[in-house]
Amino acid sequence: MFNLCKEYDERQQIIRGSICKHIMVIMGICVFINGIIEDAGFAWPDKFIAGIILIMVPITIGTVEMNIRGVYLSKDRQVFFVVVFGLVALTNVVLLISHNEPLFTAGAITDYGEHAVLAVCFLTIFIAAIIRLIYDKRMERAEE
């Protein structure tokens, strides 16, 4: 597990640590907002999915930031994760399109809407990773 840190230089590790701090702050803000929303009478249809959303939104933001700043993963692992997130995103999008249910009912999010939020998170990570891979390939060609 600790061998993963050896592929990054000190600057990259500092950037990754900074991004992890951002993720923790965003997660705290999400929990705070969730508390305010639930106190106002909003009820999640599925508390388990709501908990996953509270974790997945900050992770999505942090992953996109890591891709933008170029400190995500080594190329071999990044391609693997692009494939995994792509398959999960594609599966979620296909399921959402095929069911054609409303995201909101009577002003409250539905179970279907919760899954749509997760689909958007996975799709965002997938698109950011694809953009980063294309950018890295172009930079390699420019160096040659």
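What is the Cα centroid distance between segment 36-69 and segment 114-144, reported in whole angstrom?
Centre-to-centre (Cα) distance: 20 Å.
With runs of 4+ DSSP H residues as the only contributors, calculate the mean residue ellipticity of the chain at 222 nm using -39,500 (n - 2.57) per run, divided by the residue total and rounded to the nearest 500.
After summing the helix terms and dividing by residue count, I get -27500 deg cm²/dmol.
What list of whole percents do you get for P(r) of the chain, with Cα-Cα distances grouped in 10 Å bins up to the one holding the largest distance?
Histogramming the chain at 10 Å steps yields 11, 32, 32, 18, 6, 1 percent.
Could you give the size of the charge dipole of the chain about its Cα centre, using +1 on the Cβ of each K and R and -1 on the Cβ of each D and E, expressed in debye and rounded to the nearest 20?
Charge dipole of the chain: 420 debye, to the nearest 20.
Can you give me the distance in nm between label points at residue 131 and residue 84, each placed 7 Å from the Cα along the Cα-to-Cβ direction?
Using points 7 Å along Cα→Cβ, the separation is 2.2 nm.
Here, each number is a calculation from the coordinates, and none is a lab measurement. What you see is a predicted model; the values in this text were computed from it and never measured. Positions of Cβ are backbone-derived with ideal geometry, glycine not excepted, and every protein chain shown enters the neighbour counts.
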